[in-house]
Amino acid sequence: MYTDLILVYLHALIFVPYTIQQDGARFMPVFDTSTINLTVIQGRTAYLNCTVDYRGEYKVAWLNPENKVLTNVEKRIIDDTRVALPRNSLNDWTLYIREIQHYDEGVYSCSINTDPVQTKKVYLKVLVPARIIDHGTSHDMEEEEGKTVQLICNATGIPTPTVQWFRHIPKTSYEKATKEGKAVVEPGEILLIHNISRYCGGTYECIAFNGVDKADSHQIEVEVIFRPEIELPNRRFSQYLYKETILQCIVRANPIQFLEWQRNGIPIENSMKYRVALNDDYYEIYTKILDLNIHSIQKEDYGNYTCVASNSLGKDKETMLLYEAVELTKPPPSTTKLIPTTKRNKDFPSYEVFENKKRPEKQKNGQSTRGNYRPRSFGLKVFSAAEHILFCFILLRFCAL
């Protein structure tokens, strides 16, 4: 009994599907008609799934969004070699589209010519990574200080990308070894810089991103030019004869096309007497330091020295006076002396101050013979001769009592 049941099961498993496939008029194919939403990134391969069981003699065809036939059964009808129907199994009718492009987007149909026709729809959406197009995008530029600068970053992509601007902060020569910083500015495809200054120059970078694949970026070098500005650390400078000195001139300009020291309108060149050296300012951009080294200064070297700088935007000059240094003399020592005067007692002496070397002579009555000279005392009162006599008289009377 069990043997008979096993034979019936095997017959149904092996011969029934074959019979269904051979007799399409009697049996309908098993076909999943549910809709599929498929999203693919541009440039990759799209796999449009379609599965048909027990197809029999019925034909399967793929149609594109314009209802043009792409494949009929296993044959590709169109000339687009990107389209393929590899058929990895008997019931697999998956359509391959390699290097998918945005124009391939739309509704694709997998149909079987049954009555009525059965169709499975695949909604294909193609995402396009953000890209910055060269046409319409700004490139390296040079602009004068004080003008308005417009930077454009023409970005495309699906969905529409967001454009963010960054500014690479310029570093001075002293800071080149440090990590380069970035300052975030307002987002958008157009960046306006009003009244641009020399400190706004540098590299600007726009980055476009829409969440699809990697972001795209573009850098724009903005060079701000301005007329020369000269600063003298000292407008007057002194030095001794036969000594060596260095005069400094600080110049800020972009570009620096002409720079020199002059004496009486004549340019100073390197010689045994003079040495001119141009150095970078390690702490400030667009700044140079022009040094003038003068050896063994002579009388004729004293006078005015002029620093001159110019470029296509203008000219500037400043003059410095070099004069002879004079050694200062010390004032004479003071001749003031303190001479002790009459003592009130042995413990507290009194002093008088005389500006002359000798003590002034006095008459018998205690007055000076040199006009109305009145001595000064420090701390203690000075008694006259009459006051001393009166004091002694009172003291004797007190002792007699």
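Assorted remarks:
- Per-peptide packing, taken as the mean over residues of other Cβ atoms within 10 Å, places 72-80, 58-66 in the sequence 58-66, 72-80 from highest down.
- Which listed pairs, of K147/K317; K59/K214; K243/K317; K59/K125; K273/K315, have C-alpha distances above 31 Å, in listed order: K59/K214
- Efficiency of FRET from Cβ geometry, E66 and K315, R₀ 45 Å, rounded to 0.05: 0.05
- Between K214 and Y96, residue separation times 0.36 nm minus the direct Cα-Cα distance comes to 40.0 nm.
- Once both labels are positioned 7 Å from their Cα atoms along Cα-to-Cβ, the gap between S238 and V117 label points is 10.8 nm.
- A simple spin-label model places the labels of I36 and I77 2.0 nm from each other, with each point 7 Å out along Cα-to-Cβ.
- Pairwise label distance in nanometres, M272 with V107, each label 7 Å out on the Cα-Cβ vector: 9.9
- If R0 is taken as 56 Å, the Cβ-Cβ distance between T156 and H295 corresponds to a FRET efficiency of 0.25.
- The E284 and I190 beta-carbon pair, evaluated with R₀ = 30 Å, returns a calculated FRET efficiency of approximately 0.45.
Where a number appears in this text, it was derived from the coordinates with a stated rule and is not lab data. Just so it is clear, the structure is predicted and the values come from calculations on it, not from any experiment. In this analysis, Cβ positions are derived from the backbone assuming ideal geometry, glycine residues included, and neighbour counts consider all displayed protein chains.
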